[in-house]
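All remarks here apply to the structure that follows.
The values are calculated or read from the model by the stated rules, or taken from the named source; none is laboratory data. Note that the structure is a prediction, hence the values are computed from the model and not measured. All Cβ positions, even for glycine, are placed from backbone atoms using ideal geometry, and neighbour counts span all protein chains on display. When the accessible area is computed, the model is the full protein with side chains, heavy atoms only, and any ligands, DNA or RNA have been set aside. Shrake-Rupley method; radii C 1.70, N 1.55, O 1.52, S 1.80 Å.
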Amino acid sequence: MNILRQIDNLRILEQPYNGHYAADKDEVTRSHYVALLLMVLLREGAISEQQQRMLDLWLPAIGLAGQQTRLCELAERLAKDKLGDALGLIKQDPLLIRGGGCWIS
């Protein structure tokens, strides 16, 4: 394991991001919210090392730790034929659609 990965793992345990605004939403809403972000990241191909480091810190803050594979699969399915449904769900909360869900460290 490289040194950056070790530092990130320690930071997740010792200094996790504050809870994300969406952490209080139901799992379907949170999953769709993250899947929309993953669609953007995946359109360029693979997720970069920097993006992965951020996801490793962010997913626990939104209550979806350890679910990246499932969320990437959801992103692929939504991108194929259910993007409108996902956007409709997220639009129900104005803070999510405007990016008000940013965390504060």
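Given the residues Ala61, Ala79, which is the only one that is open to solvent by 20 Å² or more (accessible area, probe 1.4 Å) and modelled with pLDDT under 90? Full working, then the answer.
Values: Ala61 fails: open to solvent by 20 Å² or more (accessible area, probe 1.4 Å).
Just one listed residue meets the conditions, Ala79.
Taking the numbered list (1) modelled with pLDDT under 85; (2) among the β-branched types (Val, Ile, Thr); (3) outside any helix (DSSP H, G or I) in turn, Ile47 passes all entries but (1). Among residues of the stretch 63-78 that are touching a residue at least 12 places away in the same chain (Cβ under 8 Å) and among the hydrophobic types (A, V, I, L, M, F, W, C), those with a beta-carbon under 7 Å from a residue that is part of a helix (DSSP H, G or I) and open to solvent by 40 Å² or more (accessible area, probe 1.4 Å) at least six positions away or on a different chain give the pairs Cys72/Leu42; Ala75/Leu42.
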